[in-house]
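Derivation of every value follows stated rules applied to the coordinates shown; laboratory data play no part. Just so it is clear, the structure is predicted and the values come from calculations on it, not from any experiment. All Cβ positions, glycine included, derive from the backbone under ideal geometry; neighbour counts span all protein chains shown.
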Amino acid sequence: MNRLQFGEGACEKTRRYMDAYLSNELLVETTHDVLRHLESCPACTAELEARTRLRSRLKAAVEAQTAPPHLHALVREKLRNNQPARWRFYAVAAVAMLIVTAVWLRPGPTPLPDIADRAAQATYIQKVSATVAQVFKPGLGDHIHCALFRIYPQAPPDIREMENKLGEEYKGLLPLVSPAVPEGYRLVMAHQCTYAGRHFIHLTLRKGTDVISLVITRKNPDESFRTLSPSADASGVPVYQASAANFQVAGFESEHYLAYIVSDLKSAANLEIATALAPTVHQLLS
Amino acid sequence: MLFSNKPRMNEFEAAALPHLNDIYRTAARLLGDKARADDVLQDVYLQAWKSFDKFEPGTNCRAWLFKILFHTINHYRRKWLNIRMVKESEEILQTAAAADPPVPEQITDEDLLAALDQVPQDFRSVVLLVDVEEFSYKEASAILSVPIGTVMSRLSRGRKLLRERLAGMAQQYGILPNPDEGRSA
């Protein structure tokens, strides 16, 4: 009866299903049909047993082969020497992000301290001047101290007042400066001042918030630009140059004076002003 | 170390390295060359490591490695051999269903493996996946990127070819009588 489940040609059908039966891939109903046939068919049962044995022997024979012991270590080593692209990408991205962050957080021009905060101003000047040669520091310091930390009146003093403040000895500087500076700058201050225990002749020109100073001071003993390399020669007067933060300082000297042009212009423009003024100012100070 | 991937590497090794033997023996049986199997195995693990972020935890890592294995082997086949392998398989398909010889019991494991090596690779692959590695038809289908029907037919014919090769060996050894002997023309 069981053999009749597959009807005629049950052995042929059973053997056709035998591969799927061996792999346990038959539907439950078909498996039951195969089993019923096998119960009463010694030939198909023998065939199934032979195929099952062959399958088991094949599996055992193949599985008897194992990877050489060194291969485990070799694979581990190769794995550790090869970073996947994803991690490389993240590493590159992280480095790029660090660079962007570093650039973003890079200290920009140090902001000016409050005009009423004298201590902060002194610290600021000290910090800004730290990188320049000692001989540049007096001019740079006085420019920041006197020209930047200042509230300018709406209308600048007239020329007579400036002449008075400069005195007879230095009022001749007034007509010299305006022709030497870029267009738009206006003389807003000319006086004698003191900074850090030192006396200065100080002329200031402004254009909006941009400020140019001509600062002159008497030399201290052994104080000179001559130990430095000049950046320009103004009709025989060597002109020296330095940068500090966003300030440009150009200097020259006479026998008894040091003169500075200090601004936040580009270095070439600042040097050009100093070069233009150096011969006449040098002559006046001599 | 910045962005250390050691935990990820440990995770990969824990999931993948236990299957190294399975991958190696299948590669060796398919390539018939232990040196090439070494190379392929290393390639498989490197590929797997590089694409480990695509592996879904909880899914079958072993099947995933076998899929990479067959992909790598196909790459090597194109490099080492030629496309004639496919033609050979098709030619044998026409003759594979012809005979159904008995399986000789006296055959050794070495003979068994030698017979398996003579089965064309397309069929051998399915026999190895289903009979040795015990993957389901569905898993074998996914590993080989072929339909389940193809897995079934290749398995059936692969097993039959194996039995034929073994029967041929048995006849050579005198274990089985030659079915053609004693027949009159």
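For peptide B:150-160, compute the average count of partner chain beta-carbon atoms within 10 Å of each residue's beta-carbon.
Numbers: counts 0, 2, 4, 1, 0, 5, 5, 1, 1, 8, 2.
That works out to 3 on average.
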Net charge around A:CYS193, counting only other residues with Cβ within less than 14 Å of its Cβ (Lys, Arg = +1; Asp, Glu = -1)?
+3
Over the stretch B:104-175, with a single point scatterer placed on each C-alpha, what log10 of the ratio I(q)/I(0) does the Debye formula yield at q = 0.11, 0.26, 0.28 1/Å?
-0.28, -1.07, -1.18
When you count, for each residue, the other Cβ atoms within 10 Å and take the mean per peptide, how do A:33-45, B:32-44 rank with the highest first?
B:32-44, A:33-45
Under DSSP H, which helices of chain A have Cα atoms covering 18 Å or more of the helix axis and a Kyte-Doolittle average no less than -1.0?
A:42-63, A:69-81, A:85-105, A:267-285
Based on the alpha-carbon gyration tensor of the stretch A:2-63 and its eigenvalue square roots a ≥ b ≥ c, which shape applies: rounded if a/c is under 1.5, prolate if not and a/b is larger than b/c, or oblate?
prolate
Net charge near A:ASP158: determine it from the other residues with C-beta under 14 Å of the C-beta of A:ASP158, scoring Lys and Arg +1 and Asp and Glu -1.
+2
If each K or R counts +1 and each D or E counts -1, the residues other than A:PRO138 whose Cβ falls under 15 Å of its Cβ total 0
Rounded to 0.05, the calculated FRET efficiency for the beta carbons of A:ALA130 and A:ALA155 at R₀ = 51 Å is 0.90
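How long are the semi-axes of the ellipsoid equivalent to the stretch A:164-270, from square roots of 5 times the Cα gyration tensor eigenvalues, in whole Å, largest first?
Working: eigenvalues 82, 70, 36 Å².
Result for the stretch A:164-270: semi-axes of 20, 19, 13 Å.
Sort A:135-141, A:95-101 by packing, meaning the average of other beta carbons within 10 Å per residue, with the highest value first. Each step should come with its number before you reach the end.
Details: A:135-141: 23.6, A:95-101: 10.4.
Highest-to-lowest ranking by the protection proxy: A:135-141, A:95-101.
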In terms of the alpha carbon gyration tensor, root eigenvalues a ≥ b ≥ c, rounded if a/c is under 1.5 and otherwise prolate when a/b exceeds b/c or oblate, the stretch A:116-221 is prolate
At a Cα cut-off below 26 Å, give the lysines reachable from B:LYS67, other chains included and same-chain residues fewer than 8 away excluded.
A:LYS59, A:LYS78, B:LYS6, B:LYS34, B:LYS50, B:LYS54, B:LYS79, B:LYS87, B:LYS138, B:LYS160
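Over the stretch B:1-81, consider all pairs of different Cα atoms and compute the Kirkwood hydrodynamic radius from their mean reciprocal separation; express it in Å, one decimal. Could you put the intermediate results ahead of the total?
Details: mean 1/r = 0.0756 Å⁻¹.
One over the average 1/r among Cα pairs gives 13.2 Å for the stretch B:1-81.
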Under 17 Å from the Cα of A:LYS207, which lysines turn up, not counting those fewer than eight places away in the same chain?
A:LYS266
Can you give the convex hull volume per residue for the Cα atoms of the protein assembly as shown, as a whole number of Å³?
285 Å³
Which order do the peptides B:60-68, A:205-213, B:119-127 come out in when sorted by mean C-beta neighbours inside 10 angstrom, highest first?
B:119-127, B:60-68, A:205-213
Want the number for A:SER243 to A:THR209: 0.36 nm per residue separation, take away the alpha-carbon distance, what's left?
10.3 nm
Averaged over the residues of A:278-285, the number of partner chain Cβ atoms within 10 Å of each residue's own Cβ comes to 0
